[in-house]
Each structure stands twice: as C-alpha cells, then as structure tokens.
1. Restricting the search to the range 86-125, which residues are over 16 Å from Gly61 (Cα atoms), not in a helix (DSSP H, G or I) and not basic (Lys, Arg)?
2. Looking at Val89 and the list (1) surrounded by fewer than 17 Cβ atoms within 10 Å (Cβ to Cβ); (2) at negative phi; (3) at pLDDT below 95, which single condition is not satisfied?
3. Hey, Leu79 hits all of (1) over 11 Å from the mean Cα position of the chain (by Cα); (2) under 24 Å from Ile114 (Cα atoms) but one; which does it fall short on?
4. Yes or no: Leu53 in a helix (DSSP H, G or I), more than 19 Å from Leu8 (Cα to Cα) and over 15 Å from the mean Cα position of the chain (by Cα)?
5. Against the definition (of a type in the set (Gly, Ala, Ser), closer than 18 Å to Lys5 by Cα and in contact (Cβ under 8 Å) with a residue 24 or more places away in the chain), how does Gly20 come out, yes or no?
6. Could you tell me which numbered condition Leu79 fails, if it satisfies all but one of (1) surrounded by 15 or more Cβ atoms within 10 Å (Cβ to Cβ); (2) outside any helix (DSSP H, G or I)?
7. Mind telling me which of the residues Glu58, Glu31 ends up being in a helix (DSSP H, G or I) and either among the acidic types (Asp, Glu) or on the phi > 0 side of the Ramachandran plot (or both)?
8. Of Ile104, Ile85, Ile76, which residue is out of contact with any Lys or Arg (no Cβ under 9 Å at 6 or more places or on another chain) and in contact (Cβ under 8 Å) with a residue 40 or more places away in the chain?
Amino acid sequence: MKIVKFILCLLFGLMFINAGLNKFLNYMPMEKPTPEQMKLFAAFGEISWLMPLVGIVEIIGGLLFIFPKTRALGAIVILPVMVGIVTHVFTMDKSPIGMSIAGIMLLINIWILIDNKEKYKNLVG
C-alpha cells in the first residue's frame, strides 16, 4: 500500500508541477474556448498577477506533495487550487474526461488530508 501511495502522490505532484510550469512557459496547446470560457479568461486577464500566483502555488504544492515528509503541507497548499479546478470542470467544462480526472485528483488530495489529520490538529485546536 505504501508504494501505491507513493506512486499516486508522485503522479499527483508531477501533474501540478506540469500545470504550474505551463502557466509560465505555455507549452501545452489549449482547445478553442467556449464563449463562456472566453469571459472567464478575460476576467483572469484583468487580474494580471492571478495566473502567475496559481502557477507558483501549483509548482510549490506539487513539489511538497511528492515527498512524504512535506506531503501534509503540500495537500493543504494544493487544496484551494484543487477546489477551483473541480468547480471549473464541473460547472463550465463538463467534459467527462476532465470530470473524471478532476474527481480522482480531488479524492487523492482528500485521502492525503485524512491520512495526515494528526499533523493538522495543532492548526485547528
């Protein structure tokens, strides 16, 4: 079970590192956005610091998530981005593949949060 957790966390972390790097290097092609998505991208464009911030959080969170010693912190760092991804995919994108991937990623994040709940006790109590 330990090796399965490591592999899932490694893949999870690498996906977020890749997504974060893409925000700076733009190496992954995008599908043509819908008119609804165009409005969203225009709004994000108005806030010039938002996408670089999300990219940095994705890179740092992904790196933290990979290593067992920092995984609990990485799970918390990535959680707000993960909520944003799930919200976007389930409300605007609605592609079955995107919803499947986002759902699995959210479950992995929740699993790691629950698995490390003892480490969070001092934060909330």
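1. Ser95, Gly125
2. All conditions pass for Val89, except number (1).
3. With (1) over 11 Å from the mean Cα position of the chain (by Cα); (2) under 24 Å from Ile114 (Cα atoms) applied to Leu79, the lone miss is (1).
4. Values: in a helix (DSSP H, G or I): yes; more than 19 Å from Leu8 (Cα to Cα): yes; over 15 Å from the mean Cα position of the chain (by Cα): no.
Here the answer is no, as Leu53 does not meet what is asked.
5. No, not satisfied.
6. That leaves (2) as the condition not met.
7. Numbers: Glu31 fails: in a helix (DSSP H, G or I).
Going through Glu58, Glu31 in turn, just one is in a helix (DSSP H, G or I) and either among the acidic types (Asp, Glu) or on the phi > 0 side of the Ramachandran plot (or both): Glu58.
8. Ile76
The values are calculated or read from the model by the stated rules, or taken from the named source; none is laboratory data. Predicted, not measured: the structure shown is a model, and the values here were computed from it. Quick reminder, even Gly has a Cβ in these numbers, built from the backbone with ideal geometry, and neighbours come from all protein chains shown.
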